[in-house]
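Engineer: Shown below is the structure under consideration.
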Amino acid sequence: MKALLLFSGGIDSTYLLHKLLAEKIGKRKQPNPVQKVVCLSFNYGQPHADKELTAAKLITDKLGVEHLFEMLNFPFLKQDMTGNPVVPNRNMIFLSVAGAVAQQNTCEAIYIGCTQSDFEVFADCRPLFVRQMNEAMLLANGVHVVAPLVGKTKKQIVNDGGGIDWNQTWSCYAGEDEPCGDCAACKERAAANV
């Protein structure tokens, strides 16, 4: 199976990329059905785009993974996320565009790194949302939407991600040269001991 991964270069999507590239998966070490991964990143005018997309590109280059970039020019997506990280329907928009990209690239599934930590804040990271988007995507594009991390916290992901260089990832929403330490992403990263 060929999979499209929504890839930000942050902790969750980097962990998921490593899992998708693994030859064996799960506690029983079953063969991984994913044979090829294509990463998709978005520039939607986020203040941290340069840092986020640079980190994402460095990671995919290091792992030898095909990496696509899409520009989204919706003014309502361009907001300061340091105070309030919620961008209404951001994942719905990403998944809708990803459906077309997946179809063009003959991908059978779209993977998204929604976590348990995310769905407490972001409505479009909740299990019900993912199930409904999966249904819609199957009807529209014949592509599955998969969120295998939805039951994990960021701390669990970091603890399970032995061998991943978390220093290559980027999480801060501020868009400065160094992480601000104050935004929700930085606080969550610190709570996960990264």
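Engineer: Among the residues of region 41-56, are any closer than 15 Å to Asp165 by Cβ and small (Gly, Ala, Ser)?
Structural biologist: yes
Engineer: Mind telling me which of the residues Gly113, Gly151, Gly83 ends up being in a loop (DSSP other than H, G, I, E, B), buried (at least 20 other Cβ atoms within 10 Å of the Cβ), at pLDDT below 95 and of a type outside the set (Asp, Glu)?
Structural biologist: On the way: Gly151 fails: buried (at least 20 other Cβ atoms within 10 Å of the Cβ); Gly83 fails: buried (at least 20 other Cβ atoms within 10 Å of the Cβ).
Just a single option satisfies the conditions, and that option is Gly113.
Engineer: Looking at Ala140, Ala136, which one is in contact with a strand residue (DSSP E or B) (Cβ under 9 Å, 6 or more places away or on another chain) and under 24 Å from Lys2 (Cα atoms)?
Structural biologist: Criteria check complete, one pass: Ala136.
Engineer: Follow-up. Could you tell me how many of the residues in region 116-146 are assigned to a strand (DSSP E or B) and β-branched (Val, Ile, Thr)? Spell out the reasoning first.
Structural biologist: Initially, region 116-146 is screened for residues assigned to a strand (DSSP E or B), giving 144-146.
Narrowing the set further to residues that are β-branched (Val, Ile, Thr) leaves 145-146.
Qualifying residue count for the region: 2.
Engineer: Now, a different point. I need every pair where a residue in region 170-190 that is closer than 12 Å to Ile11 by Cβ and free of Cβ contacts under 8 Å to residues at least 60 places away in the same chain has its Cβ under 7 Å from the Cβ of a residue that is of a type in the set (Ser, Thr, Tyr) and buried (at least 19 other Cβ atoms within 10 Å of the Cβ), sequence separation at least 6 or different chains.
Structural biologist: Pairs found: Cys186/Ser171.
Engineer: Is it true that some residue in region 89-98 is crowded, with 18+ Cβ neighbours inside 10 Å, modelled with pLDDT of 95 or more and more than 23 Å from Cys172 (Cβ to Cβ)?
Structural biologist: Yes, region 89-98 contains at least one residue that is crowded, with 18+ Cβ neighbours inside 10 Å, modelled with pLDDT of 95 or more and more than 23 Å from Cys172 (Cβ to Cβ).
Engineer: Could you figure out which of (1) in contact with a strand residue (DSSP E or B) (Cβ under 9 Å, 6 or more places away or on another chain); (2) surrounded by fewer than 12 Cβ atoms within 10 Å (Cβ to Cβ); (3) basic (Lys, Arg) isn't true of Lys27?
Structural biologist: If we test Lys27 against (1) in contact with a strand residue (DSSP E or B) (Cβ under 9 Å, 6 or more places away or on another chain); (2) surrounded by fewer than 12 Cβ atoms within 10 Å (Cβ to Cβ); (3) basic (Lys, Arg), just (1) comes out false.
Engineer: Still on this model: Gln168 versus (1) farther than 20 Å from Ser41 by Cα; (2) of a type outside the set (Phe, Trp, Tyr); (3) touching a Ser or Thr at 6+ places or on another chain (Cβ under 8 Å); (4) at pLDDT 90 or above: which is the lone unmet condition?
Structural biologist: Condition (1) is where Gln168 drops out.
Engineer: Filter region 4-24 down to the residues that are of a type in the set (D, E, K, R) and either free of Cβ contacts under 8 Å to residues at least 60 places away in the same chain or within 24 Å of Ala100 (Cβ to Cβ) (or both), then identify the one that is surrounded by the most Cβ atoms within 10 Å (Cβ to Cβ).
Structural biologist: Result: Asp12.
The values are calculated or read from the model by the stated rules, or taken from the named source; none is laboratory data. This is a predicted model, so every value here is computed, not measured. So basically every Cβ, Gly included, is an ideal-geometry build from the backbone, and we count neighbours across all protein chains shown.
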